[in-house]
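Everything below concerns the one structure shown next.
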Amino acid sequence: VKEEMLLEALTTRKTVTVGERLIVPYKLAEANTVRDSMAKSLYSALFDWIVFRTNHALLNNKDLEDNSKILSIGVLDIFGFEDYENNSFEQFCINFANERLQHYFNQHIFKLEQVED
């Protein structure tokens, strides 16, 4: 992406009136919203690409046979958020995020408890 095109896309909007094309600059709050929306879209597309590539890497022709073992990634979920026989990579990412949130919560609560003692 050319820098000029990205800058224009993030800071202005184009509108068409009767036979006239206008380029209107965004207000700061609008530009921030556009920036955040673009970042979320890019992150979502990247996440989907990573999930697709990981699932594709784990799949092989033997997995398509009835009596074969399927390649998988195993992760110990010590807090027990989910207990599926087979987890998808997406579920793994959700569980990992939950684990990190639980860890943060525990650290925060334990620090508050130490302050009160």
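The values are calculated or read from the model by the stated rules, or taken from the named source; none is laboratory data. Keep in mind that what you see is a predicted model, and the values were worked out from it rather than measured. Please note: Cβ atoms are built from the backbone with ideal geometry, for glycine as well, and neighbour counts cover all protein chains shown. Heads up: the accessible areas ignore ligands, DNA and RNA and are worked out on the full protein's heavy atoms, side chains in. Shrake-Rupley method; radii C 1.70, N 1.55, O 1.52, S 1.80 Å.
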* Structure fact -> Counting only residues 5 or more apart in sequence or on a different chain, those whose built amide H sits under 5 Å from that of TYR26 are THR12, ARG13
* Structure fact -> With label points set 7 Å from each Cα along the Cα-to-Cβ direction at GLU3 and LYS27, the distance between them in nm comes to 3.0 nm
* **In Å², nearest 10: area of LEU59 left accessible to a 1.4 Å probe** => 100 Å²
* Applying the Karplus parametrisation 6.51 cos²θ - 1.76 cosθ + 1.60 with θ = phi - 60° to the phi angles of segment 51-57, what ³J(HN,Hα) value in whole Hz is obtained for each residue in order, glycine and proline being reported as x? -> 4, 4, 5, 5, 4, 5, 5
